Amino acid sequence: MRRGRVALTFNRRNDRSENSEFEEKLINVNRTAKTYQGGRRFRFAALVILGDRNGRVGMGIGKAKEVPVAIEKAKSVARKNMITVPVENGTIPHEVVGVSTASRVLLKPASAGTGVIAGTVPRSIAELAGITNLLSKELGSRNQINVAYAVFDGFKNLRTVKQIRALRPAPTQTAATQTAATQPVAAAAPAPAAPAPTEGGAPQ
């Protein structure tokens with residue numbers, strides 16, 4: 001089986017329907033060819049990113065014998081796999097590393113005015129998620145599908161300050177528990193002494 005890649009990376013914003021709230025980007029189209037007795041048959045796999053630029057983004061992969069059909073399948077899968085990305089002041093709340101098979105992607109927050117400094121796939125996902133300032137570095141394999149999965153893995157592991165605070169116990173309960181544990185236990189009162197016996201054997 002021979003493989004080929006059709007390098008297509010463009011923004012399909014103008015193709016957005018009036019009823020659709022998501023903007024789409026076609027990252028790439030992979031072409032495979034298999035030889036049969038009557039000749040070669042081609043199939044295509046499309047990687048599509050959908051997002052509303054307001055914290056919601058999804059990705060999908062569609063396969064078909066024609067490119068338009070593969071794109072529509074990928075869009076349908078992306079709508080079913082939407083995630084919510086916590087965006088604070090146009091960037092992510094903290095540093096995170098996303099992992100997928102042999103690909104790792106480092107995502108770091110950036111100050112205002114930095115822009116999205118990343119490769120093709122992380123940039124497309126970040127922009128459609130509504131992130132305007134981000135630092136990114138692709139580590140390991142540069143396969144675009146694996147990189148996309150790694151970016152989504154990193155986005156899923158992001159937590160805001162409120163979410164982390166909700167996972168921790170209340171401070172009053174913690175203080176009360178520590179106070180009870182460190183307070184010494186009161187010693188028991190000594191038992192009264194028995195009266196001393198007299199010469200006749202009877203106690204006084």
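The values are calculated or read from the model by the stated rules, or taken from the named source; none is laboratory data. Predicted, not measured: the structure shown is a model, and the values here were computed from it. A quick note on method: Cβ atoms are made from the backbone with ideal geometry, for glycine too, and the neighbour counts reach across all protein chains shown. Keep in mind that these areas ignore ligands, DNA and RNA; they rest on the heavy atoms of the full protein, side chains included. Shrake-Rupley method; radii C 1.70, N 1.55, O 1.52, S 1.80 Å.
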- Note on the structure: Checked the range 27-130 against the a/c 1.5 cut and the a/b vs b/c comparison, axes a ≥ b ≥ c from its Cα gyration tensor; verdict prolate
- So if R0 is 35 Å, what FRET efficiency would residue 95 and residue 20 give, r being the distance between their Cβ atoms, rounded to the nearest 0.05? 0.60
- Message: Using a Cα-Cα cut-off of under 19 Å, which lysines could be cross-linked to residue 65, ignoring same-chain neighbours fewer than 8 residues away?
- Response: 34, 73, 75
- For residue 156 the rounded accessible area (nearest 10 Å², probe 1.4 Å, non-protein molecules ignored) is 120
- Query: What FRET efficiency comes out for the pair residue 32/residue 156, r = Cβ-Cβ distance, R0 = 22 Å, nearest 0.05?
  - Reply: 0.15
- Message: If packing is taken as the average count of other Cβ atoms within 10 Å, what order do 86-97, 117-128 fall into, highest mean first?
- Response: 117-128, 86-97
- Query: With the other protein chains left in place, how much accessible area per residue, in square angstrom, belongs to the range 29-107 at a 1.4 angstrom probe?
  - Reply: 53
- Task: State the Cα centre-to-centre distance between the range 44-69 and the range 122-172 in whole Å.
- Result: 19
